[in-house]
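K.L.:
This is the structure, below, for whatever I ask next.
The values are calculated or read from the model by the stated rules, or taken from the named source; none is laboratory data. Here the structure is a predicted model, which means the values were calculated and not measured. Don't worry about glycine lacking a Cβ; one is built from the backbone with ideal geometry, like all the others, and counts go over all protein chains shown. Surface areas here come from the heavy atoms of the whole protein model, side chains and all, with no ligands, DNA or RNA. Shrake-Rupley method; radii C 1.70, N 1.55, O 1.52, S 1.80 Å.
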Amino acid sequence: RLKTISPTTVNIELRTFRAALNTALRWELIERNPFSRLKFASVPETTPVFFSREDFQKLISFIREGWLREVVIFAVLTCMRRGEITNLRWEEVDLSRKLLTIQSNPTFKTKNGKRRTIPLNETALYILSARHGKNVSEYVFTLNNKKISEGWLTHAFKKAVYDVRLKDDRLHFHSLRHT
């Protein structure tokens, strides 16, 4: 199987099987999990994909939609994940202290389930201040006063990256976090 798919994909499938059998074990449907001592495929370490300064400037100058440009710039400035940005609520923003608090809530779970605080630089603070009070949504980044879906953000971002014709076709929204 390693000859036809990547080791990462194999490991994802193995983790899924192990998790399913752990559930069966917890429900007492099986006596032991044969996947419990499984060795995963070794995955070569790779450098994260990120935007060069030139490519980032080119992308920003190309994006015509104001909401998308602001989200992209904000993502680079804060190193926030796509889901954290689309689920960011005004109650988590402290403009006076120049801080954001990312935390799980009933409709969103952070990657590790832990709360973290992000300091804001002047540009990030400016983006938030300009948006503050202009929409009626509880969410910070909206489109037509509605929460931006992660799928729509991904689609709009991929289209912009494709349209600007950047050299590296591996660039994706998460690359902004590494930039």
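K.L.:
Given the C-alpha atoms of the range 25-91, compute the convex hull and give its volume per residue in Å³.
P.N.:
Hull volume over Cα atoms, normalised by residue count, gives 197 Å³.
K.L.:
Sticking with this structure for a sec: Just to confirm the filter: which GluC sites (Glu not before Pro) across the range 70-173 are DSSP coil and have at most 13 other Cβ within 10 angstrom of their Cβ?
P.N.:
Here the GluC sites (Glu not before Pro) that fit, given the DSSP loop and packing criteria, are Glu138.
K.L.:
Charges at C-beta only: +1 for Lys and Arg, -1 for Asp and Glu. How large is the resulting dipole of the chain about its Cα centre, in Debye rounded to 20?
P.N.:
Dipole magnitude for the chain comes out near 360 debye.
K.L.:
Which of rounded, prolate or oblate describes the chain when judged by the alpha-carbon gyration tensor and an a/c cut-off of 1.5?
P.N.:
It comes out oblate by the Cα gyration axes.
K.L.:
Could you do me a favour and compute the accessible area per residue for the range 108-175, 1.4 Å probe, result in Å²? If you can, show how the numbers build up before the last one.
P.N.:
Numbers: 4560 Å² over 68 residues.
Dividing the accessible area of the range 108-175 by its residue count gives 67 Å².
K.L.:
Tell me the carbon and sulfur percent of the accessible area for the chain, rounded to whole percent, probe radius 1.4 Å.
P.N.:
Accessible surface attributable to carbon and sulfur in the chain totals 53 percent.
K.L.:
Among His172, Leu14, Ser61, which residue has its Cα positioned farthest towards the positive end of the charge dipole of the chain, with +1 placed on the Cβ of Lys and Arg, -1 on the Cβ of Asp and Glu, and the dipole taken about the Cα centre?
P.N.:
With unit charges placed on the Cβ atoms, the residue in question is Leu14.
K.L.:
At q = 0.19, 0.29 Å⁻¹, what log₁₀ I(q)/I(0) does the range 123-163 have when each alpha carbon counts as one equal point scatterer in the Debye sum?
P.N.:
Listed by q, the Debye log ratios stand at -0.68, -0.93.
K.L.:
How would you classify the range 71-128 from its alpha-carbon gyration tensor, with a ≥ b ≥ c the square roots of the eigenvalues: rounded for a/c under 1.5, else prolate if a/b is greater than b/c, otherwise oblate?
P.N.:
The shape class here is prolate.
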